[in-house]
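Working notes, beginning with the structure itself.
The values are calculated or read from the model by the stated rules, or taken from the named source; none is laboratory data. Here the structure is a predicted model, which is why all the values come from computation and not from measurement. Please note: Cβ atoms are built from the backbone with ideal geometry, for glycine as well, and neighbour counts cover all protein chains shown. Heavy atoms of the whole protein, side chains included, go into the accessibility calculation; ligands, DNA and RNA do not. Shrake-Rupley method; radii C 1.70, N 1.55, O 1.52, S 1.80 Å.
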Amino acid sequence: MKPKTKTTGKTSLAMKISCAAAMSMCMASASASIQNPGFESDWDSWEDTDPSAISGVAESGSKAAKISGSGGKMEQQVSVSANTNYRLTAHVDGAGTIGAVVNGSTFDTSVSDGDWDQLQVEFNSGSASSITVFGAYNGDEGRFDSFNLQDLGAGSGSSGGSSSSSSSSSSSSSSSSGGGVCNSGSNLSIASASDDGSNDGHGPGNVLDGSLADDSRWSSQGIKWITLDLGSEQTVEGVDIAWFKGDQRASFFSVETSTDNSNWTVVLSGGQSSGASADLESYDVADTSARYVRITGSGNSANNWNSIVEADVIGCSNGGSGSSSGGSSSSSSSSSSSSGGSGSGSSGGSSSSGGNLDPYLPPSSNFDLSAWYLSVPSDNNGDGKADSIKEDELNSGYQNSSYFYTGDDGGMVFRCPIEGYKTSSGTSYTRTELREMLRRGDTSVATQGVNENNWVFGSAPSSARDAAGGVDGVLRATLAVNHVTTTGDSGQVGRVIVGQIHANDDEPLRLYYRKLPGNSKGSIYIAHEPNGGSDTWYEMIGSRSSSASNPSDGIALDEIWSYEVKVVGNTLTVTIMRDGKDDVVEEVDMSNSGYDDADQYQYFKAGVYNQNNTGSGSDYVEVTFYALEQSHD
């Protein structure tokens, strides 16, 4: 999500409408009835015109409408009251137009490059008893979500209109738990701030002192969190954050909320600061009722430090803005937060679904898979190789009950037997695995090459960086290994690759999980293969040995854990995260690995790559992912 930079102090969330400033309108307003406003029931109540589709990438919930070409449109007839003022709003990602047709007149507004911007248009119904609301193509692909038609009260009867676009969520009247009028967009009072005690001496209380001085910051290295305690349960709508060196580098983070400081809900995943401002930047989050707000940092574009100078929580108060100044701080040893789907993984991962995984939906409706294609070990087209499920098919609800499907807990299940078709003659093992595709379905871009489909190291020549679809990269996942092979050669049994960086011909990273028969827990280790060279191995948890004893600190089957893979220039950092345990970090210097050449490109892979071809053909590996996201500069 792109940030909105604050330029006028700390009194309110940038571009939010305050009900306190327009109390009479907020109290009088109501919503007219748009049916299925967020497309959670697909096209029910809507009339769509192709090219259109239901997308699993959503601003709220798990679905949105996608319009991808000229003539594409969706519309709905809505009953209204005559001579009444209305405001139509919707969120648009990419390009799109929303509007209303009233007595033959059209009132609309558009955006060409939105990031779930909220568009709004106001009009008077005149003599009409029904109108047509719509979303339409505006020159490029766009997604539409969260339509709302608000009754603003009786008007003059002239069918006039106005429109605007905002990248913040709309504000509406509601009551907080204490009763009274909700002042949406208010700064909420923060009672205290805490972390896990691993900061560098710049403690959590610094984010509450009202100072933007560099020394007055919280800093902690690795995948680390800071928790803000509001003192009581309130409606949380957003956060304002001033980042240390915010005008020199982009910071990566997620936001979660909780009522009890134990069970957490992801309200913002894949957050990234602008890298262009040292002032407070505002970030909308999914509205929740919470007492605790946790910001989990995963480093920045320069290193793996997390540093926040000042933080505010924006939300719905019962009158009067709060101030973060004067709050107390503490460091505690409470465990890392859950940010996966239905599991209780570590704070490293986050789900594109905001933590709400629906077991009745296909994987692409719970996860943003628009930048991936899938390999499965079947051969339905008879070419003698594993089938490739390209981006558009994968994101149109594809699932396969044998290899790739949604589990009973809503997780994304990858299953792969030993026996099956392989992706090429040069591959020894079967896989059910996602391959990153930055082209996102644009088949005019080739799969291979230094082009818009792949990424390069930040240390690569400028010509390669300019041609690539991304520079450097971060892959984050929350997962559980459910089953590993138990038959076959002792050198292969029990091992599976769950994440990779792949280059032209070699693999800068392979991330392994291995559990031997007789052991109750498994090990984690990685391999780094230089360009044209031999593997270097790094053991992170337990041993990769085929005769390893049970690792005391290992990971059991069905145990939820997270990993982060991060490349900045020639530095590879792999972090393993588990609930209640210290992070395990391995850093690899790739300066002499040969991947910063002009012709070298990379892409992430995630899923299961079965590393056993000697056991029973029906023996298999299975992993469930609860969160998966990737990003690049």
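Tell me, what % of the accessible area of the stretch 435-532 is carbon and sulfur with a 1.4 angstrom probe?
41
Using the Kirkwood formula on the Cα atoms of the stretch 508-582, what hydrodynamic radius do you get, in angstrom to one decimal?
Roughly 13.4 Å, rounded to one decimal.
By the scheme Lys and Arg +1, Asp and Glu -1, what is the net charge of all other residues having a beta-carbon under 13 Å from that of residue 53?
-3
Would you list 46, 305 from the most to the least accessible area, probe 1.4 Å?
On the way: 46 20, 305 75 Å².
If we order 46, 305 from most to least accessible, we get 305, 46.
Ignoring ligands, DNA and RNA, what accessible area per residue does the stretch 486-575 give at 1.4 Å, in Å²?
34
Assuming a ≥ b ≥ c are the square roots of the Cα gyration tensor eigenvalues, decide whether the stretch 381-494 counts as rounded (a/c under 1.5), prolate (otherwise, with a/b larger than b/c) or oblate.
Details: a/c = 1.73, a/b = 1.62, b/c = 1.07.
Note, shape of the stretch 381-494 comes out prolate.
Please work out the average accessible area per residue across the stretch 96-148, using the 1.4 Å probe convention, and give it in Å².
That works out to 33 Å² per residue.
Do the alpha carbons of any pairs in 521/581; 66/605; 245/581; 390/422 sit beyond 19 Å of each other, and which pairs? Each step should come with its number before you reach the end.
On the way: 521/581 15 Å; 66/605 26 Å; 245/581 30 Å; 390/422 16 Å.
In this structure, 66/605; 245/581 lie more than 19 Å apart at Cα.
State the dimensionless ratio Rg/Rh of the stretch 476-607 (Rg: radius of gyration of Cα atoms; Rh: Kirkwood radius).
In the stretch 476-607, Rg relative to Rh is 0.97.
Filter the cross-link list 224/566; 385/566; 515/566 down to pairs whose alpha-carbon distance in this structure exceeds 21 Å.
Details: 224/566 15 Å; 385/566 31 Å; 515/566 25 Å.
Result: 385/566; 515/566 exceed 21 Å.
Compare the Cα positions of 305, 283, 255 along the charge dipole of the stretch 237-313 (+1 at Cβ of Lys, Arg; -1 at Cβ of Asp, Glu; about the Cα centre) and return the one farthest towards the positive end.
Sorting the options by dipole projection puts first 305.
What percentage of all Cα-Cα pairs in the stretch 424-551 are separated by more than 19 Å?
Above the 19 Å cut-off, the stretch 424-551 has 59 percent of its Cα pairs.
Work through the residues other than residue 149 whose Cβ is under 12 Å from its Cβ and net out their charges, Lys, Arg +1 and Asp, Glu -1.
My count for the surroundings of residue 149 gives -1.
Principal axis lengths of the stretch 456-521 from Cα atoms, whole Å, largest first?
Result for the stretch 456-521: principal-axis Cα extents of 52, 25, 14 Å.
Need one value: the accessible area of residue 483 in square angstrom, 1.4 angstrom probe, rounded to the nearest 10.
50
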